[in-house]
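Peer 1: Here you go, one structure.
The values are calculated or read from the model by the stated rules, or taken from the named source; none is laboratory data. Bear in mind that the values here come from a model prediction, so they are computed numbers and not experimental data. Here Cβ is always computed from backbone atoms with ideal geometry, including for glycine, and neighbour counts include all displayed protein chains. For the accessible areas, the whole protein counts, side chains as well, though only heavy atoms, and no ligand, DNA or RNA atoms are used. Shrake-Rupley method; radii C 1.70, N 1.55, O 1.52, S 1.80 Å.
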Amino acid sequence: MTDLPEHVSRNRALWDDWAVKFVASGEHNWATADATWGIWDVPESQVGALAVDLQGKDAIELGCGTAYVSSWMARRGARVVGIDNSAAQLATARRLQIEHGLEFPLLHGNAEAVPYPDASFDFAISEYGACLWADPYRWVPEAARLLRPGGRLVFLVNSALLMLCMEAEDGVAASDRLLRPAFGMYRVEWPGDPGVEFHLSHGDWIKLLRRSGFAIEDLVELRPAEDATTRYPFVTREWARQWPCEEVWKARRV
Ligand SMILES: C[S@@+](CC[C@H](N)C(=O)[O-])C[C@H]1O[C@@H](n2cnc3c(N)ncnc32)[C@H](O)[C@@H]1O
């Protein structure tokens, strides 16, 4: 028995199963202080996801996985907390903390309901974490609750355009045609895949962020380098050089 929402318990089982596939990338990213983002490793200089003064600030990573983003924030002087829904992902994170001598609290839980008081943090970030796998109508208001006025929220997700062109069949790269409607995009389940994802149109992200108490500061569309590579089959470099396949939202708590 669990009182987790259905999508959270399904995603917990999925990520406990998938965690082994994310050990190597976690080890690689923990080993460098130079942040790179998304499936093409776009350099921080082009993204600016951590381009705020983190020294002495309270920061939380929502869906931290192996917690390499948290390690980058800790190395920039932040007091970091990571929360993740998967015990197996956190086991890797804990091992890497010890190996790198960089320890901070890691919570096993749902980023839609974080056990911290209101206004506990100055910065919240998620890279394909809660921002993809948790319900945006729950995790965005929760992030707003956790942040102090003036605090920043940054999250990286698949672009809305990619979600319209993504092939349903596993292992097949995105089409250059629109395969599904944009209106009504929200909860997404792929055939044969036990997980539950959430994707919104740009208009719906803007409405939700503003309604939750955020001012939107930027939307960065990531473009891979000409020679970039990825281990993910769902989009080609040729596609991603023409259209944004990943986007970073930056918002400020008003
Ligand atoms: C792709 S990983 C993100 C971590 C890392 N940035 C990466 O790209 O490998 C997705 C993580 O989100 C976590 N997650 C999924 N739903 C969550 C939820 N409701 N609350 C907290 N974490 C969640 C999963 O357990 C998983 O570790």
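Peer 1: Please give the charge dipole size of segment 1-146, origin at the Cα centre, charges +1 on K and R Cβ atoms and -1 on D and E Cβ atoms. Round to the nearest 20 debye.
Peer 2: Using only the charged Cβ atoms, the result is roughly 160 debye.
Peer 1: Over segment 157-243, calculate the relative contact order: mean separation of alpha carbon pairs under 8 Å at least 6 apart, over the residue count, as a percent.
Peer 2: Worked out over segment 157-243, it gives 30 percent.
Peer 1: Among THR230, THR36, THR92, whose mean-square fluctuation peaks in a Gaussian network model of the chain (Cα, cutoff 10 Å)?
Peer 2: THR230
Peer 1: Taking a quarter of the surface of the convex hull around the Cα atoms of segment 209-254, what do you get in nm²?
Peer 2: 4.2 nm²
Peer 1: Which value does Rg/Rh take for segment 79-188 over its C-alpha atoms, Rh per Kirkwood?
Peer 2: Ratio of gyration radius to Kirkwood radius for segment 79-188: 1.04.
Peer 1: Something else about it: Do you know the relative contact order of the chain, to the nearest whole percent, from alpha carbon pairs under 8 angstrom that are 6+ apart?
Peer 2: Relative CO of the chain lands at 20 percent.
Peer 1: Where does the chain land on the Kirkwood hydrodynamic radius, alpha-carbon pairs, in angstrom?
Peer 2: 18.4 Å
Peer 1: OK, next. Using the charge dipole of the chain (Lys, Arg: +1 at Cβ; Asp, Glu: -1 at Cβ; taken about the Cα centre), state which of VAL172, ILE83, PHE22 has its Cα farthest towards the positive end.
Peer 2: Looking along the dipole axis, the top candidate is ILE83.
Peer 1: Would you mind counting up the charge near MET185? Only other residues with Cβ under 15 Å from its Cβ, with Lys and Arg at +1 and Asp and Glu at -1.
Peer 2: Net charge around MET185: -2.
Peer 1: Relative to the Cα centre, what is the charge dipole magnitude of segment 69-220, using +1 at the beta carbon of each Lys and Arg, -1 at the beta carbon of each Asp and Glu, and rounding to the nearest 20 debye?
Peer 2: So the dipole magnitude of segment 69-220 works out to roughly 580 debye.
Peer 1: Same structure again: Would you mind classifying segment 77-120 by shape? Square roots of the alpha carbon gyration tensor eigenvalues, ordered a ≥ b ≥ c; an a/c under 1.5 is rounded, otherwise it is prolate if a/b is larger than b/c and oblate if not.
Peer 2: It is oblate, given that a/c is not under 1.5 and a/b is not larger than b/c.
Peer 1: Same structure, new question: I'd like the Karplus ³J(HN,Hα) series for segment 209-217: coefficients 6.51, -1.76, 1.60, θ = phi - 60°, whole numbers in Hz, and an x wherever there's a Gly or Pro.
Peer 2: Result, rounded to whole Hz: 4, 5, 5, 8, x, 10, 9, 7, 9.
Peer 1: Can you give me the three principal axis dimensions of segment 48-97 from its C-alpha atoms, in Å, biggest first?
Peer 2: Cα spread of segment 48-97 along its principal axes, largest to smallest: 31, 17, 17 Å.
Peer 1: Out of the DSSP beta bridges found with both residues in the chain, what percent are antiparallel (nearest 5)?
Peer 2: Beta bridges within the chain, antiparallel portion: roughly 55 percent.
Peer 1: Moving to a separate point now. Name the lysines eligible as straight-distance cross-link partners of LYS207: C-alpha to C-alpha under 25 Å, and not fewer than 8 places from it in the same chain.
Peer 2: Counting by Cα, and skipping residues close in sequence, LYS207 has these lysines nearby: LYS250.
Peer 1: Any idea which of ASN158, GLY63, PHE121 is furthest toward the positive side of the dipole for segment 40-178, if Lys and Arg beta-carbons carry +1 and Asp and Glu beta-carbons -1?
Peer 2: PHE121
Peer 1: Nearest 20 debye, what's the magnitude of the dipole of segment 115-160 about its Cα centre given +1 on Lys and Arg Cβ and -1 on Asp and Glu Cβ?
Peer 2: Dipole magnitude for segment 115-160 comes out near 80 debye.
Peer 1: Enumerate the calculated ³J(HN,Hα) couplings along segment 73-87 in order (Karplus 6.51 cos²θ - 1.76 cosθ + 1.60, θ = phi - 60°), each rounded to whole Hz, writing x wherever the residue is Gly or Pro.
Peer 2: Per-residue couplings from phi come out as 5, 4, 5, 8, x, 7, 8, 9, 10, x, 10, 8, 7, 10, 5 Hz.
Peer 1: In angstroms, what radius of gyration and Dmax does segment 1-53 have, counting Cα atoms only?
Peer 2: 15.6, 46
Peer 1: Still on this structure, I have one more. Just the number please: accessible area per residue for the chain, 1.4 Å probe, all protein chains included, in Å².
Peer 2: 45 Å²
Peer 1: While we're here: Considering the alpha-carbon set of segment 120-254 alone, what are its Rg and its Dmax in angstrom?
Peer 2: Just the Cα atoms of segment 120-254 yield Rg and Dmax of 15.4, 44 Å.
Peer 1: What percent do you get for the relative contact order of segment 203-251 when only Cα pairs under 8 Å and 6+ apart count?
Peer 2: Contact order relative to length: 47 percent.
Peer 1: Still on this structure: Going highest first, how would you order 73-83, 158-168 by mean Cβ packing within 10 Å?
Peer 2: Listed from highest to lowest mean packing, they are 73-83, 158-168.
Peer 1: On to the next question. Rounded to two decimals, what is Rg over Rh for segment 1-123 when you use alpha-carbon atoms and the Kirkwood radius?
Peer 2: Answer for segment 1-123: 0.96.
Peer 1: Between segment 9-57 and segment 187-248, what's the alpha-carbon centroid distance in Å?
Peer 2: If you average the Cα positions of each part, the centres end up 15 Å apart.
Peer 1: In whole Å, largest first, what are the principal axis extents of the Cα atoms in segment 177-254?
Peer 2: Cα spread of segment 177-254 along its principal axes, largest to smallest: 39, 32, 22 Å.
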